[in-house]
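Contents: one structure, followed by commentary.
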Protein chains: 2
Amino acid sequence: MVTIDPERVLGDLYHLRSIGTYETGVHRPTLSPEDMQARHWLADRLRDLGYEATIDGIANVVGLSPGGGRKLLAGSHLESQNHAGWLDGALGVIYALEAARAVAEAPDMQGTAVDVIAFADEEGHFGSFMGSRSYVGELDDGEIDTAVDATRGTPMRTMLDGAGLSGHGRLEIPAGRHAAFLEAHIEQGDWLETNHLKAGIVTSIVAIWLYKITFEGVQNHAGTTRMAIRKDAGVALTRLAQAIEARFPEIAGPRSVWTTGRITLEPGATSIIPGRAEMHFQLRDAEPETLERLENELVRLVAEANGSGPCDVTLETVSKGTPAVMAAEIQDAFEQAAETHAPGRHTRMPSGASHDAQVMRPHLPTGMLFVPSIGGVSHHWSENTSDEDIVTGARIYASAAATLLKT
Amino acid sequence: MVTIDPERVLGDLYHLRSIGTYETGVHRPTLSPEDMQARHWLADRLRDLGYEATIDGIANVVGLSPGGGRKLLAGSHLESQNHAGWLDGALGVIYALEAARAVAEAPDMQGTAVDVIAFADEEGHFGSFMGSRSYVGELDDGEIDTAVDATRGTPMRTMLDGAGLSGHGRLEIPAGRHAAFLEAHIEQGDWLETNHLKAGIVTSIVAIWLYKITFEGVQNHAGTTRMAIRKDAGVALTRLAQAIEARFPEIAGPRSVWTTGRITLEPGATSIIPGRAEMHFQLRDAEPETLERLENELVRLVAEANGSGPCDVTLETVSKGTPAVMAAEIQDAFEQAAETHAPGRHTRMPSGASHDAQVMRPHLPTGMLFVPSIGGVSHHWSENTSDEDIVTGARIYASAAATLLKT
C-alpha cells in the first residue's frame, strides 16, 4: 500500500506554476529558459530521491531508480503551449514523481520502483512528439536539424545549444526494464465535470484523420460578373462545409468529433470572387469503423459537390492515424484504484486529444488517467482543476501504480 | 459629322501596350516609371493637337483645347492593376483623344472641342479615386501625405517625388467650361459578348454596400470538446454564408451581385475550434430599393443566426454608396450613335464596376459607354477586346460626342 502526500503534490505543482507564470497559467515553450528551469528542478527532485537523473540531448528528463526489481515508467511533459495552463503536462509529471516517492517510502513496495520521465515538446512547438519518439528510437537527427519553433522561428539546434544540450546523447528506453507506461493528464474536455466524476480511465486515444479539401473556381470581378456565370470557390466551400455539418451528426459515433479549423480564400479580397479555396478538415474517433464510415460519407459529399458543380472539389488525405488502445490490465488497475478513492465517480472514456502515451503504447503496455478540467478549458491560461480533484487523482494514480508493481 | 481613324486608334492602344508590357497585357502601377512614360506620351499627343497639356501634382494628365465654344470633358485612366489588361483605362483615354482629334478635324465641328483627361490611380493602388477626386476638389493634401502603395508599401509622396511632380499644383475642373463628361471602358463582364452586342450604354454605376460580419464562439481543443457543447465560430459563418446563398436569389434584382471575398477563422489552426470568425460581404446593385431589400434580408438572417445560436453574430456596415445615375441626354446620344454604327446590337445596362465617372457625375452631366470584353475577363493580363469591336466603339463614342457638342 502506498500513501501520497497531498501537500507535496500541490506544492510541487504550485512551484512549477511559478516558473514562467502567465496570468493564472504558464508560458513555458519547449527549450525556453523557463522550460529548462523546470526540467533542472525536476532532475534535482529525482536526485533527492536517489535516482540517476539525466536531461538528454533533446531535453527529455529521465529519472531511473538505482535498485533492481519490477519497474514502471511514468510521466508526461513539462513544456506548455504558448500562454497556456499550469497543469497540462505538469500534472502527469508530478503524479509520476509522487508515485515514485510513495513507492520508495512504502515498506511493502521495496524492490519495486517507478522510473520518471518528462518528455520534451509534446506540445509540438518544434514537431510531433519529438521527445517521446526520441525515447523509443523513432526520431532521426535530421528531423532535429531542420526543426524550427513554429511561433518564434528559432531552429531547434539553436535552442538546444542555448540550453547547454548540444552534443548530449539522446537516451532510449532500456529494453526489458519496464512493465508498463503510465501517464496522467487533465481531461481537456468537460465530460467528467458535467457528469460529476473524479476520474476518467482512458480506453483508447482517438485516431486523427486529416484532410485538405481544395475548391477550384474562376477568379473574377465581384461587380461585373453575373451571379449566373460565377464559379465562386468560396461559395463551393461553405456549401460543402454545411453539407458535412448537416449529415455527419446522423452517422457519427457518440464521441466522434470533426473540425474545420482553417479556411483560405484566394485571393481573399473584398471585391474579387475567390478563384480558389481550401479547408483543413479533421476527424477524430477511437473506432476505426466509425472513422471509415465518416470518411466514406466525406468522399460521397465531395463527389456530390463535384457532380453539382460549378467548382472542382478535390479531397486529399493529409494523414490517417490509428487509435491507440490502452492496456486492459492497466485500465482495470486504474478502475480498482478509482473505486477505492472516488467510489462510483469514475468512468472509462476515450481520449480525444493526443498524448505521448500513444507513442509509448507499441513499446510498453500503456495506460492513462484523466482528472476533471474546470469548464473543459484547455490550451488557455485559465485552464484549471480543483486542488481536491488533483489530490484524488494522485491517490488513484499511485494506488494503481502500486497494484501494477505488485502483479 | 466626325470621322475617326481606326488605324490611329489601334496604333495608339498598341503603343500604350508597349509601355510596361506583361504577357499580352501591361503592368503599369500608378506613378511607376511606365505609368509616367504613358502619361508623358499622352501629353505629347495632346500638344500635337495644339492643346495645353499638363501633368499635375497628382499625375492627372489634363489636355485643354485652346479655342472657345462648347466643350466636353472626356477620358479615363492610364495606370493598370498589377499585371493586368491593356485596355482597362487606356481604351477610354484613347477614345477621348481620338474624339478630340476627330472633332478638331471635322469642318462642321469648328468652335467646339473635346478636352481630354487621364486620371491618376483609378485602380486604387494608393487610395480611392484619388485622381478624379483631386480634379473635382474633394481630395485633401493630408490624404496624399499618408497614402502608401498597397502592394509595394512605397509612400505616394515618394513616388510623386520620383515622378518629378513634387511641388506641382493640382488642377481642378474649370467652372462652367464643360457641357458633359464622357468615359468609355471595357465591360469587364460577359453580357455584351454573350448577347452578341457591340455597345453597352451605361444607365447607372451600381452602388457597393459593404459589411463585416463577425462570429464570436468559444475557442477550444478540437479533440476533447464534444460536438454538443461546441461554439464553433467557423461553423456559424459557413451556415450564415449558405443561408445567404439560399435566400438571396429569391429576392435579388436581375443584376444584383453579392460576394464573400474574404473569410478569416481565428486562430486558424487545424486542431483548434475557431473561437472567432469574420467575413467581408459585399452587395452591388443600381437600384437603391433592391439594396435596401437585400440588406433587410441580411439583417433578418443575422438575427435568425443569433436566435438559433450558439455563436454571437454581429453585422457591421463598412460603407454604403449611392448608385450614380448617368445623364439621360448622354444615354440618348450614345444610343443614337450605336444604332448608326452597330444597328440593333446595343443595350442599356448598369455598370457593376466602379469608375471615375461616378466621381464626376455630381459635377457634370456624365455618361459611359462599354465595349465587349472577350470571355468577360477583367483585372488579368489576358483581358481583351477584338480590334473590330474597339473600332466600332470609337465610332459610337466620337459620334455621340459630336452630337452632344452640337446640342
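Only the coordinates and a few stated rules stand behind these numbers; no lab work does. What you are looking at is a predicted structure, and each value in this text was computed from that prediction instead of being measured. Using ideal geometry, Cβ is built from the backbone for each residue, glycine included, and neighbour counts are taken over all protein chains shown.
Residues B:Glu250, B:Glu278, A:Glu292, A:Glu34, arranged from fewest to most other Cβ atoms within 10 angstrom of their Cβ, appear as B:Glu250, A:Glu292, B:Glu278, A:Glu34.
Note on A:Glu52 and A:Ser308: the model spin-label points, each 7 Å out from Cα along the C-beta direction, lie 6.5 nm apart. Translational diffusion of segment A:207-320, estimated by Stokes-Einstein from the Kirkwood radius over alpha carbon pairs at 20 °C in a medium of 1.002 mPa s, is 146 µm² per second. A Gaussian network model of chain B, with springs between Cα atoms under 10 Å, assigns the largest mean-square fluctuation among B:Ala241, B:Ala179, B:Ala102 to B:Ala241. Dipole orientation for segment B:115-240: of the candidates B:Tyr135, B:Leu210, B:Met156, B:Leu210 has the Cα lying most toward the positive pole (charges on Cβ; Lys, Arg +1; Asp, Glu -1). Other protein chain C-beta atoms within 10 Å of residue C-beta, averaged over B:372-381: 3. Averaged over the residues of A:246-253, the number of partner chain Cβ atoms lying within 10 Å of the residue Cβ comes to 1. In a reduced charge model with +1 at each Lys and Arg Cβ and -1 at each Asp and Glu Cβ, the protein assembly as shown shows a dipole moment near 680 debye about its Cα centre.
Each Lys and Arg contributes +1 and each Asp and Glu -1, all at the Cβ; summed about the Cα centre of chain B, the dipole is approximately 600 debye.
Residue order for B:Tyr51, A:Tyr135, B:Tyr22, fewest other beta carbons within 10 angstrom first, comes to B:Tyr22, B:Tyr51, A:Tyr135.
Here's the picture: a label point sits 7 Å out from the Cα of A:Glu329 along the beta-carbon direction, and within segment A:362-399 the residues with their amide nitrogen under 19 Å of it are A:362-369, A:397-399. For B:Ser256, A:Ser166, the sequence from fewest to most other C-beta atoms within 10 Å is A:Ser166, B:Ser256.
Inter-copy label distances at A:Leu10, shortest first and taken from points set 7 Å along Cα to Cβ: 9.1 nm.
Using a ≥ b ≥ c from the Cα gyration tensor of chain A (square roots of the eigenvalues), is it rounded, prolate or oblate, where a/c under 1.5 gives rounded and otherwise the larger of a/b and b/c decides, a/b for prolate? Prolate, since a/c reaches 1.5 and a/b exceeds b/c.
Residue-wise HN-Hα couplings along segment A:148-162, as the Karplus relation 6.51 cos²θ - 1.76 cosθ + 1.60 with θ = phi - 60° gives them from phi, are 9, 4, 5, 8, 9, x, 7, x, 4, 4, 5, 5, 4, 4, x Hz; Gly and Pro carry x.
Sorted from nearest, the other copies put their A:Glu105 label points 10.5 nm away, the label point being 7 Å from Cα in the direction of Cβ. Computed from phi, the 3J(HN,Hα) profile of segment A:29-36 under the Karplus parametrisation 6.51, -1.76, 1.60 (θ = phi - 60°) reads x, 3, 6, 5, x, 5, 4, 5 Hz, with x in place of Gly and Pro.
Electrostatic tally near B:His346: other residues with Cβ closer than 9 Å to its Cβ, Lys and Arg +1, Asp and Glu -1, net +1.
Annotation: amide H-H contacts under 5 Å for B:Gln188 (H modelled 1.01 Å from N, sequence separation of 5 or more, or interchain): B:Ser373. In the elastic network of chain B, a GNM with C-alpha springs shorter than 10 Å, the most mobile of B:Glu123, B:Glu245, B:Glu383 is B:Glu245. The value of relative contact order for segment B:47-165, using C-alpha pairs under 8 Å at least six residues apart, is 25 percent.
Net charge in the neighbourhood of B:Ala243 (other residues with Cβ under 14 Å of its Cβ; Lys, Arg +1, Asp, Glu -1) is -1.
Of the residues A:Thr340, A:His355, A:His380, the one whose Cα sits farthest toward the positive end of the charge dipole of segment A:314-390, with +1 on the Cβ of Lys and Arg and -1 on the Cβ of Asp and Glu, is A:His355. The length gained on full extension between A:Glu289 and A:Glu266, counted as 0.36 nm times the residue separation minus their Cα-Cα distance, comes to 4.7 nm. Amide H to amide H, with H built 1.01 Å from N, A:Gln219 comes under 5 Å of A:Gly275, counting only residues 5 or more places away or on other chains. What the phi angles of segment B:52-60 give under the Karplus curve with 6.51, -1.76 and 1.60, with θ = phi - 60°, is a coupling list of 7, 10, 10, 9, 8, x, 10, 6, 4 Hz, glycine and proline written as x. Across chain A, Cα pairs under 8 Å and at least six residues apart give a relative contact order of 23 percent. Close amide H pairs (under 5 Å, H built 1.01 Å from N) link A:Ser351 with A:Thr203, A:Ser204, A:Ile205, A:Val206, residues at least 5 positions away or on another chain.
Considering only A:Phe370, B:Ala100, B:Thr54, and ranking their Cα positions along the charge dipole of the protein assembly as shown that arises from unit charges at the beta-carbon of Lys, Arg, Asp and Glu, the one farthest toward the positive end is A:Phe370.
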